[in-house]
Amino acid sequence: MPTAVDLYWIPLGAGGHFVRLNGKVYEAAMALLERRPRCDLYHSALVVRVPEGCYTIECAWVSSTDSDKRGVVAAGCVGSPLAGRLRILRYEVRCWPDGVIPDIAQAVDSPQQLSNDEDAARRLLELAPQVPTPPWGRDEFKVGEMWNSNSVISWLLERSSIGVEAVSLPANGRAPGWNAGLAAARAAQQAHRAVSRTLH
């Protein structure tokens, strides 16, 4: 199996009217606040192929208790740490061997191959359990954006050295949370370099 790291852009709320409606309300409010035209919102996910198998990486709300069947490697709360006591108010990061991305058939301008480097792909898979899990919907990194599923994907790409230079959004598309992931990844990289300088 040839190595590849592919990015998919899935319309927010594909397959679910409630999420789609909330997304439209959110984007309408943000467009009004920022005095710009409305955009189409997207959720990102990755498919990583290495010689021994194929993995899907995405972040979504917890749907059931059988997390071992979905390759869950990390989890966090939605909105507030107190809310995390309820399953419905928790999210999970999945790195799922032979997993399935819901609504992948509705992906737009996808897949985008970001890398075919095996070392980078393996590094991305190793990093999945280390991704930060601050409260979903909160601006914990003070960058003016909430943390969400897109933050997880951009964090992984940046920390794995694959980077985001080759990433392009569909026309009139926006990925809320993307910059929050980049900010968190770059802060971690700076902290690592500072520690390395101190040790040497």
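The values are calculated or read from the model by the stated rules, or taken from the named source; none is laboratory data. Since we're looking at a predicted model, the values are computed, not measured. Please note: Cβ atoms are built from the backbone with ideal geometry, for glycine as well, and neighbour counts cover all protein chains shown.
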Which one of these does Arg123 not meet: (1) in contact with a strand residue (DSSP E or B) (Cβ under 6 Å, 6 or more places away or on another chain); (2) surrounded by fewer than 19 Cβ atoms within 10 Å (Cβ to Cβ)? (1)
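Could you look through the stretch 140-173, keep only residues that are in contact with a Lys or Arg (Cβ under 9 Å, 6 or more places away or on another chain) and modelled with pLDDT of 90 or more, and pick out the one that is surrounded by the most Cβ atoms within 10 Å (Cβ to Cβ)?
Ranking the qualifying residues of the stretch 140-173, first place goes to Trp147.
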As an exercise: evaluate Glu52 against (1) modelled with pLDDT of 80 or more; (2) under 25 Å from Trp96 (Cβ atoms); (3) in contact with a helix residue (DSSP H, G or I) (Cβ under 8 Å, 6 or more places away or on another chain) and give the number of the one condition it does not meet. (3)
Of the residues Ile153, Ile101, which single one is part of a helix (DSSP H, G or I), under 13 Å from Ser44 (Cβ atoms), in contact with an Asp or Glu (Cβ under 9 Å, 6 or more places away or on another chain) and not acidic (Asp, Glu)? Ile153
Qualifying positions in the stretch 26-43 - surrounded by 10 or more Cβ atoms within 10 Å (Cβ to Cβ) and out of contact with any Gly (no Cβ under 9 Å at 6 or more places or on another chain): Tyr26, Glu27, Ala28, Ala29, Met30, Ala31, Leu32, Arg36, Arg38
Cys77, sole failed condition from (1) in contact with a strand residue (DSSP E or B) (Cβ under 9 Å, 6 or more places away or on another chain); (2) surrounded by fewer than 19 Cβ atoms within 10 Å (Cβ to Cβ); (3) modelled with pLDDT under 95; (4) closer than 24 Å to Leu182 by Cα: (2)
Of the conditions (1) within 16 Å of the chain's Cα centre (by Cα); (2) modelled with pLDDT of 95 or more; (3) surrounded by 16 or more Cβ atoms within 10 Å (Cβ to Cβ), Pro135 satisfies every one except a single condition; which number is it? (2)
Cβ-Cβ distance below 6 Å, separation of 6 or more or different chains: which pairs start in the stretch 83-97 with a residue that is surrounded by fewer than 17 Cβ atoms within 10 Å (Cβ to Cβ) and end on one that is at pLDDT 85 or above and assigned to a strand (DSSP E or B)? Ala83/Cys77; Pro97/Gly53; Pro97/Tyr55
